[in-house]
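The block underneath contains the structure these notes are about, expressed in structure tokens.
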Amino acid sequence: MHESAVITELLAAVRDGDREATDRLFAAVYEDLRHVAHRQLSPRHGGRTLNTTALVHEAYLKLVDRSRISPQDRKHFFATAARAMRQIVVDYARTSLAGKRGGGRRRIGSEQLESALQQEGLHVEDAASEILDIDHALTRLGELDERLGRVVEMRFFGGLSVEQVAEVLDVSPRTVKRDWRAARAFLFHELSGSGAD
């Protein structure tokens, strides 16, 4: 079966509540995004910038037969792709940091966090430590407020716009903006050291 048809079927199964299909969809999206990310990050591609927005949209265009999916399926795809991108970026950052001499981590400052949250392309090797810190703080945030964690995951790791996140979460763009501000405040607090273990 063509990859696009498989993804479309998995999306329909996810929409119908099949939890096993969710795992299979994540695996399918993860593998494709990982291959695309590997190509984009290869030295012959001229850089080490990972543009999550481009990856998620490229995967969407490649994997989904858009004529056969509902808006609900699209929401599931973007949410799953954002989660997969988080894992890919964090894995790449861990590998990059481990490859550096000593593999040391430094605390992220508020300026570095603001820069990381606003940039279009992630310089994964240069920001490996910061990405791992953000991932750790995001895990804590998700434990306290799942929706705030999902907003950050989709905006930062998935590269989705406010409007796209609102569509996925079935809330207004205004709510997403409010959640984004609250989540950023939490992350600043956590990463400034006052919320550290």
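A short reminder: the numbers here are calculations on the coordinates, not readings from a lab. Please read these numbers as outputs of a predicted model, since none were measured by experiment. Positions of Cβ are backbone-derived with ideal geometry, glycine not excepted, and every protein chain shown enters the neighbour counts.
Kindly state, to the nearest 0.05, the FRET efficiency for ALA27 paired with VAL171, given R0 = 30 Å and r defined as their beta-carbon distance. Don't jump to the answer; show the numbers that get you there.
Details: r = 28 Å, r/R0 = 0.93.
Step by step, r from the Cβ atoms, then E = 0.60.
Please order VAL176, VAL151 by the number of other Cβ within 10 Å, starting at the fewest. All intermediate terms of the calculation are to be shown ahead of the outcome.
Numbers: VAL176 24, VAL151 29.
Arranged by neighbour count, lowest to highest, VAL176, VAL151 become VAL176, VAL151.
Going by how many other beta carbons lie within 10 Å of each one, how would you line up THR139, THR52, THR8, fewest first? The partial results should precede the final answer.
On the way: THR139 10, THR52 25, THR8 22.
Taking fewest neighbouring Cβ atoms as first place, the list is THR139, THR8, THR52.
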